[in-house]
Amino acid sequence: MKLMTFASAAMIVAVMGTTVNAHATLEQQEAQVGSFYKGVMRVGHGCEGEATLKLRIAIPEGVISVKPMPKPGWTLETVSGDYANSYDYYGTTLTSGVQEIVWTGELSNDHYDEFTFRAKLDGSLAADQMLFFPTIQECANGSHNWVEIPVQGQDPHDLEQPAPGLYLQPASKHSH
Ligand SMILES: [Cu+2]
């Protein structure tokens, strides 16, 4: 089943300045609308002691021109699909693109690692909101589904497996 069903949960929630120290977290948790964003997903442990064998990151709507970073010893796949909206990318109209990134390999529970991608936060994204990147961490006999999105006013710390979040700051006057 495509991660996108989880990604459909990747909606923008009007939560002012709340970031959460979830287990799978983004290193940079704030970025300006319209800017290029380097997403570094941090993985500090496996599933109940087991090694991580696969990491799948869903890319929310409005995050375009996504390019993941290959990782030695891991295979890298992307899943592309149609966007709900179309986006101008330097004169080119984008109507589809990468919506899921999948790294497959092995990360021992005793080790820490990072999974990186670069993307553009389209200028049409609304500022002062959170953007979520639902992430599935698969192990041999289980997984962590970091996909829970807080409802309005809910403290993400109350969630068992919160989706990694990014707070969207207003575009700087110089973004292009
Ligand atoms: Cu944890």
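Identify, please: which residue in segment 14-28 is more than 14 Å from the ligand (Cβ to nearest atom) and surrounded by 19 or more Cβ atoms within 10 Å (Cβ to Cβ) and is, among those, modelled with the highest pLDDT?
Result: 26.
Look through 161, 169, 137 and report the one residue that is open to solvent by less than 20 Å² (accessible area, probe 1.4 Å) and in contact (Cβ under 8 Å) with a residue 40 or more places away in the chain.
It is 137.
Across segment 121-153, what is the number of residues that are in contact with a strand residue (DSSP E or B) (Cβ under 9 Å, 6 or more places away or on another chain), in a loop (DSSP other than H, G, I, E, B) and farther than 21 Å from residue 107 by Cα?
Matching residues across segment 121-153 total 11.
Have a look at 72, 60 and point out the one that is in contact with a helix residue (DSSP H, G or I) (Cβ under 8 Å, 6 or more places away or on another chain) and away from the ligand (no atom under 16 Å from the Cβ).
That would be 60, the only listed residue that is in contact with a helix residue (DSSP H, G or I) (Cβ under 8 Å, 6 or more places away or on another chain) and away from the ligand (no atom under 16 Å from the Cβ).
Pick from 51, 10, 31: which is at pLDDT 95 or above, open to solvent by less than 80 Å² (accessible area, probe 1.4 Å) and more than 16 Å from the ligand (Cβ to nearest atom)?
Exactly one of 51, 10, 31 is at pLDDT 95 or above, open to solvent by less than 80 Å² (accessible area, probe 1.4 Å) and more than 16 Å from the ligand (Cβ to nearest atom), namely 31.
Filter segment 140-156 for residues that are surrounded by 18 or more Cβ atoms within 10 Å (Cβ to Cβ) and away from the ligand (no atom under 15 Å from the Cβ) and give the result.
149, 150
Take the conditions touching a strand residue (DSSP E or B) at 6+ places or on another chain (Cβ under 6 Å) and among the aliphatic types (A, V, I, L, M) and apply them to residue 84. Does it pass?
In short, no.
Which of (1) open to solvent by less than 40 Å² (accessible area, probe 1.4 Å); (2) without any contact (Cβ under 8 Å) to a residue 40 or more places away in the chain is the odd one out, the single condition residue 110 does not satisfy?
It fails just one condition, (1).
The values are calculated or read from the model by the stated rules, or taken from the named source; none is laboratory data. Note that the structure is a prediction, hence the values are computed from the model and not measured. Cβ sites come from the backbone with ideal geometry, for glycine too, and all protein chains shown count toward neighbours. Just the protein is used for accessible areas: all its heavy atoms, side chains included, with ligands, DNA and RNA removed. Shrake-Rupley method; radii C 1.70, N 1.55, O 1.52, S 1.80 Å.
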